[in-house]
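To start, the structure under review is shown below, and the notes come after it.
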Amino acid sequence: MTKFLPAALRPYAKPDATLLPLGLALLAILPAMLGWGWFCLVLLSASSIASALTLRTITPLRELLALGGFFEVTIRALRLAVLLLLGARIWTDTAIAIPFALGGLAIVVMSIFTEITVSRLATRLTPEIYTRNLPIAAGKPPFTAKVLADGLALVVPELLIIFGASLITRSVLLAWLIAVLAVRTMAAGTLITGKVLRTKGAAFRARAISDVQRAIKDRHAQVALYLGLGSSDTVYQLEGWLATAEDIPQETIVIVRSVPIFHALGKTSLPVIALTNSQDLLLLDLTNLRACLFVSNTGDIIHLLREQNPMSAFIGHGDSDKSSSFNPFTKVYDEVWVAGQAGADRYSRAMIGLRPEQFVSVGRPQLDAIDLTALPSTSDNYVPTVLYAPTWEGWNADQEYCSLLGQGAQIVERLLASPQRIRLIYKPHPFTGIRDPKARATSDRIIAMIRSANERAGLNATEATPSKPSQAQSATEANELATAAGNKFFASLAPDAHVVVRPNSGLGIFQCFEHADALITDISSVLSDFIATGRPYAVCNPGTDSADDFVREFPSARGGMLIDRDGAGTGDFLNVVAAVTPDPKVEVRAEVREYLLGPSEPTASARFNEAITALIERANRRIEARSAGSQS
């Protein structure tokens, strides 16, 4: 069923423990309206207990609901409303309902402050420090501290109110006693929680930090790969570098600041540490580090940049002509690693204050994972494949390069109606529709067009379904298994079958590259990466700029053909793909490739590792100079 939902909604349609307390509370509404007292009260009690049991779940829905800050308080208020609805049906004495209403309201109001207090203490004193590939012996937090941190101080008083209502009594005095007891229980529970967390919780935190410190010291790590706070959707920013980092000659660790990112992170042989609290990171002795690599600009990078010994380098998570590729924030780093001269020129044209000596050209070592031999040899029955991979609409109008808001539908219409036999692979960006619903609507329309075209040809609607390589032990092995899965998937298809590759389908952008004879895309890192294949590409001009102005602003487009906002240029490009007309951009594309990605020799992987070594040597020289200066 989920395959018929928009891609953005699919993660929330899966079984989710977060729905349990909410669903039980909603389920209690009808019994409350009918006056079924005991049945309603049992559901409300189960909802309250489920809130505590699912408090620490990490799910897409939990991440979404947590944006409001007080999801648990909202459910608690819902349960109170249901309880009052029940009271309106079965409490004959208004004087009895008043204490329950006031007591419940007090619990909801107090729970806001209690939840803030408990959350802060739980984070600071009983941190859930997650690690991979590191021998950590701290174990789980103390049982009492964990139970209290999971909300026992909030569950007990609420259950008192709920069970008090089950007495169904005319005793106004008893009603007031239960309400007062519930409120005082909450106050006492908050104080007890604070005391336990400050004692047992603090002791556990000290042991956990000590274990992490010992493990890092034993590894003699010199390089750290860092991704700051973010949702699980941003994990791709780090995953693209894992295989490259696994080949770094020096000992390397991965530091993430988000538990959802840690759980979403793919396989790697590198040690990984998730430290969500700034104090935990600041407590660690990281003086052995010599190089810190940052894949994204987040505010919490200051917690690692403050370290005196290591040098910092911004390596980013993509190389493109987008304005986000020359962010002024980048000035905080010692070095800025770019793929080729194009990267340095972008910063220079933007005049944001970076010095020429800060730029280091390392190529795009991730592209080594692309298997350029995956395409079958051409034959009389060969059907060339075009990959359409539009970018998303960006955070604002200045970053709006998305062709789905312009020519996207026309491109697909013309491709599906092409007189030449051409297969289409459609891969939308995972963030499509986040800012502008029109982009998601166009994407859904394109998917429907592809499904109809397959059905007219007597083919099943084809969506990529290869499973993710769960048996991989490293990112390098995962890339190899993904390529094998992609080869198997495409080999199973009819030559004319068009394919939709949704986010998280098990087929990555590199696997799409491997099976594409040509690319249609927008200004994005997809363009810069695909150019490594040497194959033809077309770039969508989403605005009204002339071709000359567009190429002048976005030099990466110079090696491709342009498709205007009305779709003009699609037919000319498809003629090149089908070999009806010669490719006019072969020589220019080779020049642009070197401009974007640097020279082919030495390889990008070799240049990247050389840059790591040089950065470490630079850090050591600075440490020696600082030491000599302090002794003089």
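The values are calculated or read from the model by the stated rules, or taken from the named source; none is laboratory data. For clarity, every value in this text was computed on a predicted model and none was experimentally measured. Heads up, the Cβs are rebuilt from the backbone with ideal geometry, glycines too, and the neighbour counts pull from every protein chain shown. The area values use the complete protein model at the heavy-atom level, side chains included, leaving out ligands, DNA and RNA. Shrake-Rupley method; radii C 1.70, N 1.55, O 1.52, S 1.80 Å.
Taking amide hydrogens as placed 1.01 Å from N in the peptide plane, the amide H of Leu562 sits under 5 Å from those of Val539, each at least 5 positions away in sequence or on another chain. Once the Cα atoms are used to define both axes, helix 475-491 deviates from the longest principal axis of the chain by about 70 degrees. Spin-label model, Glu413 to Ala95: label points 7 Å out along the Cα-to-beta-carbon direction sit 7.5 nm apart. Given R0 = 22 Å, the distance between the Cβ atoms of Ala579 and Ala494 translates into a calculated FRET efficiency of 0.55. Label-to-label distance, Asp218 versus Asn504, with points set 7 angstrom from Cα along the beta-carbon direction: 3.5 nm. When the C-alpha to C-alpha distance is required to be over 30 Å, the pairs from Lys322/Lys585; Lys427/Lys488; Lys217/Lys322; Lys331/Lys438 that qualify are Lys217/Lys322; Lys331/Lys438. Note on the range 444-566: Kirkwood hydrodynamic radius from all Cα pairs is 16.4 Å, rounded to one decimal. Pull out a ≥ b ≥ c, the square roots of the eigenvalues of the alpha-carbon gyration tensor of the range 207-258, then state rounded if a/c is under 1.5, prolate if not and a/b is larger than b/c, and oblate in the remaining case. It is oblate, given that a/c is not under 1.5 and a/b is not larger than b/c.
Here the accessible area is traced with a 1.4 Å probe on the protein chains. For the chain, carbon and sulfur cover 59 percent of it. Think of the chain as a dipole: +1 on every Lys or Arg Cβ, -1 on every Asp or Glu Cβ, centred on the Cα centre; then among Pro141, Asn309, Tyr130, Pro141 lies furthest on the positive end. Measuring nothing but how far apart in sequence close Cα pairs (under 8 Å, 6+ apart) lie, relative to its length, the chain scores a relative contact order of 12 percent. Considering the range 585-627, its Cα convex hull presents a mean projected area of 3.6 nm². A dipole drawn for the chain from +1 and -1 charges on Cβ atoms has a positive end, and of His263, Val383, Ala485 the residue lying farthest that way is His263.
Write down the percent of antiparallel bridges among all DSSP beta bridges whose residues are both part of the chain, to the nearest 5.
5
Report, in degrees rounded to the nearest 10, the 0 to 90 angle that the Cα long axis of helix 236-246 makes with the longest principal axis of the chain. Between helix and principal axis, roughly 70 degrees.
In this simple spin-label model, placing a label point 7 Å from the Cα along the Cα-to-Cβ direction at both Ala614 and Val172 gives a separation of 8.5 nm. FRET efficiency for the Glu594 to Glu246 pair, using the beta carbon distance and R₀ = 22 Å, is estimated at 0.25.
Given a Förster distance of 25 angstrom, what is the FRET efficiency for Ser231 paired with Ser474, based on the Cβ-Cβ distance and rounded to 0.05? The computed FRET efficiency comes out at 0.50.
Using just its DSSP H runs of length 4 or more, each adding -39500 (n - 2.57), the chain gives a mean residue ellipticity at 222 nm of -15000 deg cm²/dmol after division by all residues. Taken per residue, the accessible surface of the chain reaches 44 Å², heavy atoms only and a 1.4 Å probe.
Please list log₁₀ I(q)/I(0) at q = 0.07, 0.09, 0.11 Å⁻¹ for the chain, using the Debye equation with identical point scatterers on the alpha-carbon positions. So the normalised log intensities are -0.57, -0.86, -1.11.
Here the scattering of the range 330-432 is modelled by Debye summation over its C-alpha atoms, one equal scatterer each and no solvent; at q = 0.19, 0.22 Å⁻¹ the log10 of I(q)/I(0) is -1.09, -1.15.
Residues of the range 381-410 with backbone nitrogen within less than 19 Å of a virtual label 7 Å along the Cα-to-Cβ line of Arg445, please, listed as ranges. In the range 381-410, the label zone of Arg445 (backbone N under 19 Å from the point 7 Å along Cα→Cβ) covers 388-394, 401-410. Projected onto the charge dipole of the chain (+1 at Lys/Arg Cβ, -1 at Asp/Glu Cβ, origin at the Cα centre), which of Thr462, Thr94, Pro249 gives the Cα projection farthest towards the positive end? Result: Thr94, furthest along the dipole toward the positive end. Among the trypsin sites (Lys or Arg not before Pro) found in the range 360-448, those both in a DSSP coil and sparsely packed, with 12 or fewer other Cβ atoms within 10 Å of their Cβ, are Arg421. Using the alpha-carbon atoms, what tilt in degrees (0 to 90, nearest 10) does helix 586-597 show relative to the longest principal axis of the chain? Helix 586-597 sits at roughly 40 degrees to that axis.
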